[in-house]
1. Using a basic spin-label model with each label point 7 Å from the Cα along Cα→Cβ, how many nm lie between E308 and M52?
2. Ranked from highest to lowest mean number of other Cβ atoms within 10 Å per residue, what is the order of the peptides 241-249, 199-207?
3. Output the peptides 58-67, 35-44 sorted from most to least packed, where packing is the average of other Cβ atoms within 10 Å over each peptide's residues.
4. Please give the per residue accessible area of the chain, computed with a probe of 1.4 Å over protein heavy atoms only, in Å².
5. Multiply the residue gap between M72 and I297 by 0.36 nm, knock off their C-alpha separation, and tell me the result in nm, one decimal place.
6. So how do L23, L56 rank on accessible area, 1.4 Å probe, biggest first, that is with the largest at the start?
7. With the crude spin-label approximation of a point 7 Å out along Cα→Cβ, what separation in nm comes out for L272 versus D39?
8. Could you calculate the contour length gain from K187 to F32, that is, 0.36 nm times the residue separation minus the distance between their Cα atoms, to one decimal place in nm?
Amino acid sequence: MNRSVLILLVKLAVSGGLLFWVLGSIDRARLFDAVLDLDPVLLCASFAVLVMQYPLGALRWRELLRLIGLDMDTREVIRIHLVGVFLNQMLPSALGGDAYRVWSAGRGGRGWGRAVCSVLLDRVAALMVLVLLLAAMLPHLATILPDGPVTESLVMLVLVAIVVMPVGFALARPVGRLLDRMRFLRKLAPIAMNANLLWSEGGASLRIAVFGLMTQLSTAACVWLIALAAGADIGFFTMLGLTLPVLLTLAVPISIAGWGVREGAMIFALGLVGIPAESGLLISLVWGALSLTGGVISGVAFLLQAPEREKLATYAAEAGALGERDAEH
């Protein structure tokens, strides 16, 4: 069986199993009543805030592209990023959005290594900002979360990450030189060698951090507005503090676009501050539905144009051929 197909089946099993378990553990009649009571104005506001993160993410990636020597037009970067958002929602496999960004940035002689490096560093930058923001929120979380192993584990996880990050950057270049000597890992060397770009490039590094911070805040604001639409009594900073650990769990690619993992994590996180499981599930499902809607709109806006459809068809054909060669070997 093709490896990408196997990974997709595993992700489907994880998402399906978690959703089945979550839906089986709540009062579905109460959930249905809560759906009917959702405030449509606040839902529209939450969607507007959600889509703000798409251009912000594209601008963060543009800064990294420039730092590694791929000075692409801003409109092209935004277009590629939005199609990538669409593919991440619709094709959660080897044909997903990150692979499309690499393909689009690297084709035409620009350099595949630098394209891969830009996308992976973009992911690292987003994770760094998430961890640092979560660390800043720890004092607030300590005042609202109950004492016990959950809070202690969260604090320990964040502290370990804060210690590991500077150590990782300090060792990045030596590790990169070591990888460059290893035949099968040589392609990973540029990523380690360029990791310092995330913090050592002055204004560009600051812009990367600011765009990353605004992306995380827009996500939290979206979830907060959904919670208000569902009638949950929760403040923005509390929702921000609870959403960040959920986003951290979503960084682990074990499900289809986060479905199942997001729902379980949100129910657990919101339950810590007394929000019922039905409300937590509703908030998470609406969040997922709005993300899916935003991804579809992002893709359709460009795929209505014939050149974009042809480009995506070329990408799918080349990626499919590569997958067949991998399966043969």
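The values are calculated or read from the model by the stated rules, or taken from the named source; none is laboratory data. Predicted model only: the values in this text are computed from it and were never measured. Heads up, the Cβs are rebuilt from the backbone with ideal geometry, glycines too, and the neighbour counts pull from every protein chain shown. Side chains are part of the model used for accessible areas, which takes the heavy atoms of the whole protein and leaves out ligands, DNA and RNA. Shrake-Rupley method; radii C 1.70, N 1.55, O 1.52, S 1.80 Å.
1. Here the modelled spin labels are 2.3 nm apart.
2. 241-249, 199-207
3. Details: 58-67: 22.9, 35-44: 12.2.
Highest to lowest by the protection proxy: 58-67, 35-44.
4. Ligands and nucleic acids excluded, the result is 50 Å² per residue.
5. Stretched fully, the M72-I297 segment lengthens by 78.6 nm.
6. Working: L23 65, L56 20 Å².
The residues order as L23, L56, largest area first.
7. Calculated label separation equals 2.6 nm.
8. 50.8 nm
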